[in-house]
Amino acid sequence: MISSAIIPQPLARLPWRLIFLISGIGLFGLINLYSAAGGSIEPWAMRQGMAFGMFLTLAIVISNVREATIKQVSIPVYIAIVVMLILVDMLGFVGKGAQRWLDLGFIRLQPSEFMKPAIALTLARFYDLLPAGETRTFRAVWPAATLIGVPAGLVILQPDLGTGLMVCFAGVTVMFLAGVKLRWFLVPGALVAASIPVIYHFLHSYQRKRIDIFLDPASDPLGAGYHITQSKIAIGSGGLFGKGYLQGSQSHLQYLPEGHTDFAFATLAEEWGMLGGTVVIVAYLLVLRWCLGVAARAPNRFARLSCAGLTAVLFSYFAINLLMVMGLAPVVGIPLPLISYGGSAVMTVMICLGLLMSFERQQRTSSRLS
């Protein structure tokens, strides 16, 4: 927060350290996209910059929303998004073999992106309304499991396994922190583990292939395993200090597929080396540290669980993408937030950060009043 003697009070109340940090990550992302396009602001850097500016403004607007309002709209917004997911299944636009968008004419909307923060807020509201004495009973489990399972199932059917897993992770995080007994996680977890062969059979062929390649990358190095093989080569060839900006051979010679989206970190690591990659990772960790601090200082159950769930969404973006590009997890199409090209991910991240800034602003207001 900056002194109001320097700038107007509404601006002074913003968490400028966080804003400067995410702006730095976003700027690094634009520099990386400029390089991935061969030294051109088109077609990715310009659009990403516009999306970043627009959604950062949206985050600042959201930061002024009161907690009482967030509480009131969380469940209605959840219901509206579930309805949109059903409409996607019935009327959705098909692109790249997936049916994930609603074509509104002037924009193609991806409702599953809104579900990531919505599930955190909705479950936080559910446990806020649930009497404290019933948190460790079955009544605290089955409604929450339904709230998670319905949208996650609809998203996975699109098919979008990565987003479905993110919705589950955010929801389960809120359940665990709300105080649900550990056995309610272990028993379903054991059942899911036992049914993996059956689940594997019902996956789409390309999803099964991704799992096969994760388990044995060398089984099809020029086919389904090509992405992850080239990603490892790009990261490893960068060494300690990288090949130099605009000098990445894997991305510029088109060896690295999706070097501007899912594998943007591989493009970055090749040119900036382990040093550049470490700087980006540390920047993300500082953002997550700020988010966890907001959750730890939250004065009530709803705010604490909401902040934890929103932080889980941000963490899953960061962790899944890095594990994916390094070959430590199957490729599930999760971008690296603010680095990878794509307005949908920027929007989701900024909505989460805007909500966290709202909770943080109200914490500071309450502390001043007290």
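Observations on the structure shown:
- Residues (open to solvent by 70 Å² or more (accessible area, probe 1.4 Å), among the aliphatic types (A, V, I, L, M) and part of a helix (DSSP H, G or I)) located in the stretch 186-239: Leu186, Val187, Leu191, Val192, Ala194, Ile196, Val198, Ile199, Leu215, Ala218, Ile233
- Residues within the stretch 9-63 that are in contact (Cβ under 8 Å) with a residue 40 or more places away in the chain, in contact with a Gly (Cβ under 9 Å, 6 or more places away or on another chain) and farther than 14 Å from Ser340 by Cα, tallied: 8
- Taking residues in the stretch 123-144 that are farther than 13 Å from Met175 by Cβ, and partners anywhere that are at pLDDT below 95 and surrounded by fewer than 11 Cβ atoms within 10 Å (Cβ to Cβ), not one pair has Cβ atoms closer than 6 Å while being at least 6 places apart or on different chains.
So that you can scan it fast, the table gives a plain yes or no per residue for (1) in contact with a strand residue (DSSP E or B) (Cβ under 6 Å, 6 or more places away or on another chain); (2) surrounded by 13 or more Cβ atoms within 10 Å (Cβ to Cβ); (3) modelled with pLDDT under 95:
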site: Ser3; (1), (2), (3): no, no, yes
site: Trp16; (1), (2), (3): no, yes, yes
site: Ile25; (1), (2), (3): no, yes, no
site: Ser35; (1), (2), (3): no, yes, yes
site: Ile41; (1), (2), (3): no, yes, yes
site: Ala45; (1), (2), (3): no, yes, yes
site: Asn64; (1), (2), (3): no, yes, yes
site: Thr69; (1), (2), (3): no, no, no
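- Set side by side, the residues Leu123, Leu30, Leu85, Leu56 differ, and just one is open to solvent by 40 Å² or more (accessible area, probe 1.4 Å), assigned to a helix (DSSP H, G or I) and aliphatic (A, V, I, L, M), which is Leu30.
- Test: residue in the stretch 241-258 that is of a type in the set (Asp, Glu) and open to solvent by less than 40 Å² (accessible area, probe 1.4 Å): no
- A single entry from Ser23, Ser35 fulfils the requirement of being in contact with an Asp or Glu (Cβ under 8 Å, 6 or more places away or on another chain) and more than 30 Å from Phe126 (Cα to Cα): Ser35.
- Filtering the stretch 158-179 to residues that are within 19 Å of the chain's Cα centre (by Cα), surrounded by fewer than 19 Cβ atoms within 10 Å (Cβ to Cβ) and outside any helix (DSSP H, G or I) leaves only Pro159.
- Being out of contact with any strand residue (DSSP E or B) (no Cβ under 8 Å at 6 or more places or on another chain) and more than 28 Å from Leu292 (Cα to Cα) is a property that Ile199 has.
- Count of the stretch 270-303 residues which are charged (D, E, K, R) and open to solvent by less than 80 Å² (accessible area, probe 1.4 Å): 3
The values are calculated or read from the model by the stated rules, or taken from the named source; none is laboratory data. Predicted, not measured: the structure shown is a model, and the values here were computed from it. Virtual Cβ from ideal backbone geometry, glycine too; neighbours counted across all protein chains shown. Heavy atoms of the whole protein, side chains included, go into the accessibility calculation; ligands, DNA and RNA do not. Shrake-Rupley method; radii C 1.70, N 1.55, O 1.52, S 1.80 Å.
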